Amino acid sequence: MGLILGLFIGGLAGWIAGKLMKGQGFGLLGNILLGLVGGFFGGLLFRLLGLAATGVIGSLIMSTIGAILLIVIVRKVNGKQ
């Protein structure tokens, strides 16, 4: 059940990040991957700042913030604004 919930949160976080960053989404697998990697980056960022994300909503927020950060980094590296 945890794996399915993680994939769902990852997909939702990736989709939300794509919409907030004026994108059109990245497809189902792209959103899931973006959300999962974003969750990793968000977890690192939250730990560095001394914050904790608990529960489903906290995980979704943390993953979304991490996915947005990942999109910003990729756009800067590719030279797109």
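Throughout, read-outs are computed from the coordinates displayed, never taken from laboratory work. Since the structure is predicted, the reported quantities are computational estimates derived from the model, not experimental observations. When we count neighbours, we look across all protein chains shown, and the Cβ atoms used for this are built from the backbone with ideal geometry, even at glycine.
Find the residue count for region 57-81, including only residues that are within 19 Å of G2 (Cα to Cα) and touching a helix residue (DSSP H, G or I) at 6+ places or on another chain (Cβ under 7 Å).
5
Suppose we filter region 16-57 for residues that are farther than 12 Å from I71 by Cβ, free of Cβ contacts under 8 Å to residues at least 24 places away in the same chain and assigned to a helix (DSSP H, G or I); how many remain?
Residues that pass the stated criteria total 12.
Please work out if A17 is within 9 Å of the chain's Cα centre (by Cα), of a type in the set (A, V, I, L, M), under 18 Å from G2 (Cα atoms) and crowded, with 18+ Cβ neighbours inside 10 Å.
Here the answer is no, as A17 does not meet what is asked.
Within region 58-76, how many residues are hydrophobic (A, V, I, L, M, F, W, C), closer than 19 Å to L12 by Cβ and without any contact (Cβ under 8 Å) to a residue 24 or more places away in the chain?
Matching residues across region 58-76 total 2.
Tell me whether region 29-40 contains one or more residues that are among the small types (G, A, S) and farther than 12 Å from G10 by Cα.
For region 29-40, residues among the small types (G, A, S) and farther than 12 Å from G10 by Cα: absent.
Looking only at region 58-69, decide whether some residue is among the hydrophobic types (A, V, I, L, M, F, W, C) and surrounded by fewer than 16 Cβ atoms within 10 Å (Cβ to Cβ).
no
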